[in-house]
Amino acid sequence: MFAAIASLGAIGLLAALALGFAAKKFAVEVDPRELAILEILPGANCGACGYPGCSGYAKMVVNGDKIAATCPPGGAMVMGKIANIMGFAPVEIDPQVAVVMCQGDNQKSKEKYHYLGLADCQAAQKVADGPKQCPGGCLGLGTCERTCPFGAIEMTEEGLAVISRKKCTGCGKCVEACPRDVIHMTPLDATTHVLCNSHDRGVLVRKYCDIGCIACQICTKQVPDAYRVEDSLATVVYEYYDEAPEAVDKCPTKCIRDFTEGYPEGSSFADISVPVKRGRRAA
Amino acid sequence: MAELLLILVSAIFVNNFVLSRFLGICPFLGVSKKVETALGMGMAVTFVMTVATVVTWFIQYFVLIPFGIEYLQTIAFILVIASLVQLVEMVIQKTSPVLYQSLGIFLPLITTNCAVLGLAVLNIQKEYSFLEGIVFALGAAIGFTLAMILFAGLRERIDLCPVPKSFRGTAIALVTAGLLSLAFMGFAGLVKG
Amino acid sequence: MSDQLYLSSSPHIHSGETTDKVMRAVIYSLLPACGVAIYFFGLPALMLLLVCTVGAVAFEALCAKLFHSKLAIADGSAALTGILLALNLPPSAPWWLALLGAAIAIIVGKQVYGGLGYNPFNPALVARVVLLISFPVQMTSWSAPAPLGSGVDALTTATPLGEWKTAVMLTGKLPEGMASGFGSYFVGNMAGCIGEVSAIALLLGALYLFWKRIITWQIPVSFIGTVVVVGGLFWLSDATRYPDPLFHLLTGGLILGAFFMATDMVTSPVTGRGMLVYGFGCGLVTVLIRLFGGYPEGVSFAILLMNAATPLIDRYTRPRVFGTVAEVER
Amino acid sequence: MARLKTFPGGLHPPDNKAWTAAKAIEICPLPEELIIPLSQHIGAPAEACVAVGDKVKKGQVVGRAKGFVSVPVHASTSGEVTAIEPRPHASGRNLPAVVIAPDGEDEWVDDLAAADPEALSVEEIKDRLRDAGIVGMGGATFPAHVKLSPPGEKPIDTLILNGVECEPYLTADHRLMLETPGKVRQGIEILRKVLAVDNIYLGIEANKPDAIAQMREECAGSDIKVEALEVKYPQGAEKQLILALTGREVPSGGLPMDVGVVVQNVGTAAAIADAVTLGQPLIERICTVTGSGVNEPKNLRVRVGTPLAHLVEQCGGLDGEPSKLIMGGPMMGMAQLTLDVPATRGTSGLLIFRRGDIKVREPGPCIRCGRCVSACPAGLLPTTIAAYARLSMFDETEEFKAMDCIECGCCSFSCPSLIPLVQTLRYAKGAILEKRRKMQ
């Protein structure tokens, strides 16, 4: 019995000594706060904050004297927790979602030519500025879908990108990836949008798209505050988003849509496209 | 000499720890996503295996047997292995933070890696001499590393494949591991032992 | 006019060589071997060929349905896998074994990885090895060839390699009269898998593949070369125990393996240098298993093993990029 | 016979040069309207310096060069400027162009200054080249005066004339060497003077024995080495040509001047001769109009700005419905949206395929046949890079040297699975550049 205890004890002691020595020799400093912040962050490494990955962001927060950038996917809740850890004042962030400003799928918008090649919008855009006659419309080849780190984008059968308002965290990766700049960041609370991205004149738009904005000005006449027509394209003035829904029914080409109606039809996101109120998303 | 060579070949190919004895499956599946990481893991395991064999051999023959406490073999060996793993962990964290990050939890888990303990125990069971033991450990470690990097190479390739949804991830990895093990069965009977 | 035009990135012309043409060419190249198989082994061989091919195509279709992937029977790859599997079965294999093999080849060997082009292991060999390990009795009962019209009943016998292995195990010496049968080995008049027996039919097919530029010389040459050289070295060291290189060459599945199985594009390296390394590995393992292993034949295992090593070989045999001094390893 | 010089990799697509190789160059008559794009070269576009309604003469500058890497553009006939507006351009976009309605007089500007190249200084010659708008006429359209002004730390000891014309279908350079070898020779001598080199090669693919004989005769007695090269695409790619002729390998990411070489196209040499001795700007070029969709394939001497539709008219019109219009050769040319696009200084060919000649097939999975690997003249693994690019793993594409791709098209041409490899590699290159830009 004694031999057992003594010998095992001796082995343990030796090992402990060796380890203790090694621990001194190979010590590595890590700020525990950095790890704590890394835990909280969404971990998508999306880069929306402007730093290389979530660990880069955590490093910045710990090493800086203030929070120099926000984490849009994390939202208010994550920012609050980070502020707690660091002892800073919480940083306000306005939740945003990305919206595809186009409804011109393969059925509704005309082709310029038959495209052969890599099924990718950026690649197709390099071939004579993309196969659609509309210079700003969604090409439907899914570059944004593949880019989205949160699986919030889906291509419809007819080749149109739709974004789930629930899954979208507002990181802005798709905005960067889209070669036609058809995806815009909008305030989460604004549910009405002019879903068109063509700056061509109305006559031209009518020729190639069934559902594009023809700049008829009816919306601005209806709700002067909430709409603006510039360069042959109407847009919602998001400061007055709550007035915007009034013009939805008046739009002759149906390119103004309100997402509370359950837009877009036919996608698996249709049921979750109802707007989510501020604060609920963080949960 | 020929005897040692046979032990080595046997441990690498015929009775490959991972693919024939099915020991050490945890890191085999866990850190075989990239060849570099797999190689790093292989190195770490090689070190632990070799040193553990040396130390446990001494403990077995100079402590446990003389004091008649062979029944404490498992505990004693795990103690040794655990300390070694701790040591390796510290060294890797200091020298290669990238490798440290990619090995993650699997590094401390070498402690409970049955390949290491299995090796130490087998070594005693087979009543290998000190030199034979070291060769056996080396063979086992090389075999482990070989299996790791072969498998990692395959997985890197599978990562580019449109695997059906139901088979993605661990499922396809296990199927592949099975097929790899199948291929290794060709060595059966190559060396008796 | 313009919306009728095709636009694409350059280049605008194509060689016309397509995957289905490649697959079809390989199938054509196997026809002589199939013919010889049917000639020597009669209806059972025909049955195996039919069951495997039809089975493989059917399982391919089934998988396409199960996994919601595009049906790709037209490319001929499933049929090719079926034929290769059949050629790798012994003539006495029952129909259900062939069907099971087809299922394993297509489902486990290929479709779970995403289908054509993604399988890391040669599907036909996966099936063969699974069958060999699971049904050793059925997979190693050989019958002597009974040429069509000869009226001879199929006799149970051993393959030349098996005969040799048994003799060496029992007596430590080569069996008597081993060197006498090369003529019939060459034509295919010996026991073995239905497709591997006739060197001449296989070589004919291989020539066709070379002519069509479907396969390149690297893998067959380094595979067979290694077997001949390493096997030859052992033979020189002890001719009473080890068989001569020609025996290695003509018996067993070496020729079928080296020209048709190891050269499977999907599972072999893409660069010439890689192919050489791969062929060398195949050859070495084949000889080791044949001479020292528990199994009399090692070609299938050798190719499977080297399939597993293919990603690593590819990684370390990258071609030198134009304008770089030396290959940069990471 | 000794083995012909060449480079590793590459392949030989069916070249169909026989359609036009024996046809003498015809002069393309004036169209009703000339559209002269302000951007016809690599570098900053020119700036219009005439106004709508102005009368211009042949050879008059209508767009001024902006910056060093830029050249002026000229009116290619006399007439009236009817518009300065965006017009269809070879790039697929509408880009600013000066539109001229010809008056039929075809009158040269008065101040053309003929000169003896021997009497001019090197700087004077370079000025003349810039003013004449000389650009690389093999297709890259890089301003010649820039290429001839290597920085001092990069001494040039070798001049290579590119008469390879490895692109299938095209025979423009072939005919040029056959019909005006003297011009080419004259251009070579001017280049010799500018670069002060004596090591001069003229590389021609061996499938043009008549052109080789013609140029050998022309260069007999001089130290110009006229070399027959193996018939293999892309033999005419700058780096591959340098390797074949001199054995020097341009380092990865480098330029020909890094190994002391300047490469010029034979067409450029001929244009240089005209520019320096006669003072004539680059306003016309030879263009092969060919393909299954053209009734009568021809080699035409075309004025810059001539709409492609006019070229087709000269060749007996379209044969059936066209399905693809390609400016340049089939391997590296650009597909066009419309025949309203004008020919520019870089238009070496117009290739039209008839409906039915373009087979539309879905790309399949890579079967790892390795054809792209053995065909790649840059020593890349196109299929591996493409696989990574499709999954947006651009770090890996960079590690596999995607940036060394020369976009020759050999991989896509040979791929049995019809994967658009070049396009995917180009995509990867774009993403890598974008990433590098962000890093800075």
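The values are calculated or read from the model by the stated rules, or taken from the named source; none is laboratory data. This is a predicted model, so every value here is computed, not measured. Cβ coordinates were reconstructed from backbone atoms using ideal geometry, including for glycine residues, and neighbour counts include every protein chain displayed. To get the accessible areas, we keep the full protein, side chains included, count just its heavy atoms, and leave off ligands, DNA and RNA. Shrake-Rupley method; radii C 1.70, N 1.55, O 1.52, S 1.80 Å.
Taking into account only those residues within segment B:174-185 that are open to solvent by 30 Å² or more (accessible area, probe 1.4 Å) and at the interface with chain C (Cβ under 7 Å from one of its Cβ atoms), which is nearest to C:Val285 (Cα to Cα)?
B:Met185
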Exercise. Can you spot a residue in segment D:251-264 that is touching a residue at least 60 places away in the same chain (Cβ under 8 Å), within 14 Å of chain C (Cβ to nearest Cβ) and part of a loop (DSSP other than H, G, I, E, B)?
Worked result: yes
Seminar exercise, completed: Given (1) on the phi > 0 side of the Ramachandran plot; (2) without any contact (Cβ under 8 Å) to a residue 40 or more places away in the chain, D:Gly279 misses just (2)
Exercise. Is there any pair linking a residue in segment A:34-58 that is at negative phi to one that is among the aromatic types (Phe, Trp, Tyr) and part of a helix (DSSP H, G or I), with Cβ under 9 Å and at least six apart or on different chains, and which?
Worked result: A:Ile37/A:Tyr57; A:Leu38/A:Tyr57; A:Leu41/A:Tyr57; A:Cys49/A:Tyr57; A:Tyr51/A:Tyr57
For this session: Hey, could you check segment A:104-124 for residues that are touching a residue at least 24 places away in the same chain (Cβ under 8 Å) and more than 10 Å from chain D (Cβ to nearest Cβ) and say which is surrounded by the fewest Cβ atoms within 10 Å (Cβ to Cβ)?
Result: A:Gln107
Seminar exercise, completed: Filtering segment B:138-164 for residues that are out of contact with any helix residue (DSSP H, G or I) (no Cβ under 7 Å at 6 or more places or on another chain) and within 8 Å of chain C (Cβ to nearest Cβ) leaves a count of 1
For this session: Would you mind telling me which numbered condition in (1) in the same structural domain as D:Ala101 (by TED's automatic domain parsing); (2) open to solvent by less than 10 Å² (accessible area, probe 1.4 Å) D:Asp340 fails?
Result: (2)
For this session: State all residues of segment D:359-375 that are open to solvent by less than 60 Å² (accessible area, probe 1.4 Å), facing another protein chain (nearest Cβ under 8 Å) and not β-branched (Val, Ile, Thr); if no residue qualifies, say none.
Result: D:Gly364, D:Pro365, D:Cys366, D:Arg368, D:Cys369, D:Gly370, D:Arg371
Problem set entry | Extreme residue, farthest from C:Val126 (Cα to Cα), among residues of segment C:290-306 that are at the interface with another protein chain (Cβ under 7 Å from one of its Cβ atoms) and at pLDDT below 90 | C:Phe292
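Which of the residues that make up segment C:60-80 are open to solvent by less than 80 Å² (accessible area, probe 1.4 Å) and either without any contact (Cβ under 8 Å) to a residue 12 or more places away in the chain or small (Gly, Ala, Ser) (or both)? If you could, list the steps in order and put the result at the bottom.
At the first step, the residues of segment C:60-80 found to be open to solvent by less than 80 Å² (accessible area, probe 1.4 Å) are C:60-61, C:63-64, C:67, C:69, C:72-73, C:75-80.
Correct list: C:Ala61, C:Ala64, C:Ser69, C:Ala72, C:Gly76, C:Ser77, C:Ala78, C:Ala79.
Would you be able to say whether some residue in segment B:61-77 is open to solvent by less than 40 Å² (accessible area, probe 1.4 Å), away from chain A (no Cβ under 14 Å) and either touching a helix residue (DSSP H, G or I) at 6+ places or on another chain (Cβ under 6 Å) or assigned to a helix (DSSP H, G or I) (or both)? Outline the logic, then answer.
If we filter segment B:61-77 for residues that are open to solvent by less than 40 Å² (accessible area, probe 1.4 Å), which is where we start, we get B:63-64, B:69, B:72-73, B:76-77.
Filter again for away from chain A (no Cβ under 14 Å), leaving none.
No, there is no match, as no residue in segment B:61-77 is open to solvent by less than 40 Å² (accessible area, probe 1.4 Å), away from chain A (no Cβ under 14 Å) and either touching a helix residue (DSSP H, G or I) at 6+ places or on another chain (Cβ under 6 Å) or assigned to a helix (DSSP H, G or I) (or both).
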Exercise. What about A:Gly80, is it touching a Pro at 6+ places or on another chain (Cβ under 6 Å), without any contact (Cβ under 8 Å) to a residue 24 or more places away in the chain and crowded, with 18+ Cβ neighbours inside 10 Å?
Worked result: no
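Does D:Lys154 count as basic (Lys, Arg), in contact with a helix residue (DSSP H, G or I) (Cβ under 7 Å, 6 or more places away or on another chain) and more than 18 Å from D:Glu189 (Cα to Cα)? Break it down stepwise before answering.
Values: basic (Lys, Arg): yes; in contact with a helix residue (DSSP H, G or I) (Cβ under 7 Å, 6 or more places away or on another chain): yes; more than 18 Å from D:Glu189 (Cα to Cα): yes.
Taking the combined requirement at face value, the residue satisfies it.
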For this session: Those residues that are open to solvent by 40 Å² or more (accessible area, probe 1.4 Å), touching a Leu at 6+ places or on another chain (Cβ under 6 Å) and among the hydrophobic types (A, V, I, L, M, F, W, C), I need them from segment C:1-41; list them, please.
Result: C:Ile38
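So that you can scan it fast, the table gives a plain yes or no per residue for (1) open to solvent by 50 Å² or more (accessible area, probe 1.4 Å); (2) touching a Leu at 6+ places or on another chain (Cβ under 7 Å); (3) at pLDDT 90 or above:
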residue	(1), (2), (3)
B:Ile134	no, no, yes
B:Ala137	no, yes, yes
B:Ala140	no, yes, yes
B:Leu150	no, yes, yes
B:Gly153	no, yes, yes
B:Arg168	yes, no, no
B:Ile172	no, no, yes
For this session: State which residue pairs qualify: first residue away from chain D (no Cβ under 14 Å) and inside segment C:17-43, second residue open to solvent by 10 Å² or more (accessible area, probe 1.4 Å) and polar (S, T, N, Q) in any location, beta carbons under 7 Å apart, and separation of 6 or more residues or different chains.
Result: C:Phe40/C:Asn189
Exercise. What is the residue count in segment D:1-44 for residues that are open to solvent by 60 Å² or more (accessible area, probe 1.4 Å) and farther than 25 Å from D:His310 by Cα?
Worked result: 8
Problem set entry | Matching residues in segment D:383-440 - criterion: being away from chain C (no Cβ under 12 Å) and of a type in the set (A, V, I, L, M) | D:Ala386, D:Ala389, D:Leu391, D:Met393, D:Ala428, D:Ala431, D:Ile432, D:Leu433, D:Met439
For this session: Please verify whether segment C:316-326 includes one or more residues that are facing another protein chain (nearest Cβ under 10 Å), touching a residue at least 24 places away in the same chain (Cβ under 8 Å) and crowded, with 22+ Cβ neighbours inside 10 Å.
Result: no
Exercise. Only one of (1) at pLDDT below 90; (2) in contact with a Pro (Cβ under 7 Å, 6 or more places away or on another chain); (3) in a loop (DSSP other than H, G, I, E, B); (4) not small (Gly, Ala, Ser) is not met by C:Glu176, so which one is it?
Worked result: (2)
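How many residues, within segment A:125-136, are part of a loop (DSSP other than H, G, I, E, B) and within 12 Å of chain D (Cβ to nearest Cβ)? Don't jump to the end; show me each part of the working.
In the first step, residues of segment A:125-136 are kept if they are part of a loop (DSSP other than H, G, I, E, B); the result is A:126-131, A:133-136.
In the following step, the residues that additionally are within 12 Å of chain D (Cβ to nearest Cβ) were identified as A:126-131, A:133, A:135.
Residues flagged as part of a loop (DSSP other than H, G, I, E, B) and within 12 Å of chain D (Cβ to nearest Cβ) within segment A:125-136 amount to 8.
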Problem set entry | Total residues in segment C:257-278, condition more than 9 Å from every other protein chain (Cβ to nearest Cβ), crowded, with 24+ Cβ neighbours inside 10 Å and of a type in the set (A, V, I, L, M) | 3
Problem set entry | Breaking point among (1) closer than 23 Å to C:Gly274 by Cβ; (2) of a type outside the set (Phe, Trp, Tyr); (3) at the interface with chain C (Cβ under 8 Å from one of its Cβ atoms); (4) open to solvent by less than 10 Å² (accessible area, probe 1.4 Å), for D:Gly379 | (4)
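Just checking: which of the helices (runs of 4 or more DSSP H) contained wholly in segment A:142-227 hold 2 or more residues that are buried (at least 19 other Cβ atoms within 10 Å of the Cβ)? Reasoning before the result, please.
Numbers: elements: A:143-147, A:173-177, A:202-208, A:218-222.
Counting at least 2 such residues, we get A:143-147, A:173-177, A:202-208.
Yes/no matrix, rows are residues, columns are (1) outside any loop (DSSP other than H, G, I, E, B); (2) under 26 Å from D:Ile286 (Cβ atoms); (3) open to solvent by 60 Å² or more (accessible area, probe 1.4 Å); (4) of a type in the set (Ser, Thr, Tyr):
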position	(1), (2), (3), (4)
D:Asp106	no, yes, no, no
D:Asp110	no, no, yes, no
D:Glu124	yes, no, yes, no
D:Gly138	no, yes, no, no
D:Val146	yes, yes, no, no
D:Pro150	no, no, no, no
D:Pro155	no, no, yes, no
